[in-house]
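One structure is given below, encoded as structure tokens.
The values are calculated or read from the model by the stated rules, or taken from the named source; none is laboratory data. Everything numeric here is computed off the predicted structure, so don't read it as measured data. A quick note on method: Cβ atoms are made from the backbone with ideal geometry, for glycine too, and the neighbour counts reach across all protein chains shown.
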Amino acid sequence: MIGGVRDADGAGAPDAGGAGAPDASGPPPLKVAVVGAGDWGRQHARVFSARDDTTVAAVVGRTPERTRERAERYGAAAYTDLERMLDEVRPDLVSVCLPNEGHFEPTLQLIRAGVPLFVEKPLVFHLGEADELIAEAEARDLFFAINFNHRYAEPVVRAKALIDAGELGEAVFASWRFGGEVIPGGPEHAGLIETQCHGLDMLEHLVGPIASVSAEMTNRSHGTYTTLALALSFANGAVGTFLGSYDSSYAYPDTQRIEVNGTLGRVVVHDTVGSLSFSRAGDEVEQRWRAGYFNDEARYFAGTFDRHAEHVVRALRAGDPPPVHARAGRRALALAFAAIESLETGRRVATG
């Protein structure tokens, strides 16, 4: 049944404003530096300033005034020079949120400085750059996490628990749909790489490795490939469909939908944090989870980041690997490039 599972490892989600609080005799709060002073960078600063076991020690940005304003809000030091911040603050963790196409050079600099990292998706836009980042981090045995926060949405956590418990039987097919508004500019396949990476990661998270992909895409609206449809095969024998679009709207109900259908049942996730439905094969009665009246935490999309950060901090303190390693970002990028190859060749492409 849908039940009361919360986090992916069975632990409860953090309480608002008091997540991960250490006892009085515990270690001091981790010093976190937030690199990026944009809109989602604000979420990075909010998350780590709200915890009792972390403190935002520095904010690094490109624009002095904006960076100073952000830093002052969280009682942090403001920097526009990344190397100077590292020398002066010596953070325990650097949380990185930069413009999508500007990830590689700062991330490489941070890796070579040997600082633990929690970075935003997409990892980068080129496989060679992804391989270099992963190799440099592995050479230093560095903590290198990526924020695929959709994994921590309550409906997804519950769906994963049902799948892992065998309630769906053997997976037969799965689908992903996610549509929103176009982001101006960017490379030809920006939507696939920077937004739909969530879906590529999610389907492998729920169903298992994708073995091959066949792609169709359209550029009729904005001159770049803003809508794409993929046919997928999974290594376990299941098949899947994937529809991603920048020609839709985040205002539409069910603009994001995940379905996993097995031999014994089916789960459907609506709008990431909206609801989860579970049905058994042949049973006309559907079970549904939806956040209760007072359960604002579970219906709050940005709260999926808070949940992920709880696991990141816990793993870092314990000396464990990241809950979602940056290799997952490299894998999503490889799947995206397989889709691009399929489009360009008109053939199904194996993904390894």
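Where residues in region 187-213 are of a type outside the set (Gly, Ala, Ser) and under 10 Å from the mean Cα position of the chain (by Cα), which of them is surrounded by the fewest Cβ atoms within 10 Å (Cβ to Cβ)? Spell out the reasoning first.
Looking only at region 187-213, we keep the residues that are of a type outside the set (Gly, Ala, Ser), and these are 187-189, 192-198, 200-207, 209-210, 213.
With under 10 Å from the mean Cα position of the chain (by Cα) added as a condition, the list becomes 195, 197-198, 201-202.
Working: Thr195: 19, Cys197: 25, His198: 21, Asp201: 21, Met202: 26.
By that ranking, first place goes to Thr195.
Can we say Arg317 is over 22 Å from Asp131 (Cα atoms), over 18 Å from the mean Cα position of the chain (by Cα) and assigned to a helix (DSSP H, G or I)?
Values: over 22 Å from Asp131 (Cα atoms): yes; over 18 Å from the mean Cα position of the chain (by Cα): yes; assigned to a helix (DSSP H, G or I): yes.
So Arg317 passes the test.
Residue check: is Arg177 in the same structural domain as Ala334 (by TED's automatic domain parsing) and without any contact (Cβ under 8 Å) to a residue 60 or more places away in the chain? Before the answer, list the steps.
Details: in the same structural domain as Ala334 (by TED's automatic domain parsing): yes; without any contact (Cβ under 8 Å) to a residue 60 or more places away in the chain: no.
It is false that Arg177 is in the same structural domain as Ala334 (by TED's automatic domain parsing) and without any contact (Cβ under 8 Å) to a residue 60 or more places away in the chain.
May I ask you to list pairs of residues, at least six apart or on different chains, whose Cβ atoms are under 7 Å apart, with the first in region 258-274 being more than 25 Å from Asp306 (Cβ to Cβ) and the second being surrounded by fewer than 20 Cβ atoms within 10 Å (Cβ to Cβ) and aliphatic (A, V, I, L, M)?
As it stands, the answer is Asn261/Val172; Gly262/Val172; Thr263/Val172; Leu264/Ala281; Gly265/Ala281, since those pairs meet every condition given.
Can you tell me which residue is farthest from Ala336 (Cα to Cα) among those in region 228-282 that are in contact with a helix residue (DSSP H, G or I) (Cβ under 8 Å, 6 or more places away or on another chain), β-branched (Val, Ile, Thr) and in a strand (DSSP E or B)?
Val267
Checking the structure you have, find out if any residue of region 274-281 is buried (at least 20 other Cβ atoms within 10 Å of the Cβ) and of a type in the set (S, T, N, Q).
no
What tally of residues in region 151-169 results from selecting those that are in contact with a helix residue (DSSP H, G or I) (Cβ under 7 Å, 6 or more places away or on another chain), surrounded by fewer than 23 Cβ atoms within 10 Å (Cβ to Cβ) and over 17 Å from Gln287 (Cα atoms)?
So the answer is 1.
Of everything in region 154-194, what is under 15 Å from Gly262 (Cα atoms), acidic (Asp, Glu) and part of a helix (DSSP H, G or I)? Give them in sequence order.
Asp164
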